[in-house]
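Every number in this text was worked out from the coordinates using simple rules, so none of it is lab data. Fair warning: this is a prediction, and the values are worked out from it, not measured in the lab. As a convention, Cβ positions derive from the backbone with ideal geometry for all residues, glycine included, and neighbour counts pool all protein chains shown.
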Amino acid sequence: MSTLDDKTRLLHILKAAQKAVDLVSNKNFQELEKDDVLTLALVKLIEIVGEAASRVSKDFQTNHPQIPWSAIIAMRNRLVHAYFDINLKILWQTTQEDLPVLIEQLKQLSEIE
C-alpha cells in the first residue's frame, strides 16, 4: 500500500494534465489522428491523471466536489480496459476542454502550493 499523501497525488495529476495539454498545443485533431505516438502519450498521461485521482482520499474528494473525480477515474478505466476502442474525438476533447479546466481547479487548491 502506498503512503503517498493527497498533496503528492494532486501534484501528479497536475503535472500529467499539464504535459498532455502541452503536447497538443499548436496541434489540431487531424495531427492527432495521424500520430500514433502522440495518441499513446496522451492516453498514458490521462491514465496517470485518473489513477492518481483514484488514490486521492475519499475525504479530500468529498471536500472538493468541484472536481469531477468520478468522471476522471471513469475515463482512466475506459482507457485502460477498452484500449482497443479509444475514441480519438473524446481524447482530443479531453485535452482541449477538460484538462485545462482541471489544471485551473487544481492550481486554486491551497493544498498543492
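Of all the listed residues (76, 55, 9), the sole one being over 15 Å from residue 111 (Cβ atoms), within 14 Å of the chain's Cα centre (by Cα) and not hydrophobic (A, V, I, L, M, F, W, C) is 76. Residues in the range 24-79 that are free of Cβ contacts under 8 Å to residues at least 12 places away in the same chain and among the basic types (Lys, Arg): 27, 34, 44, 58, 78.
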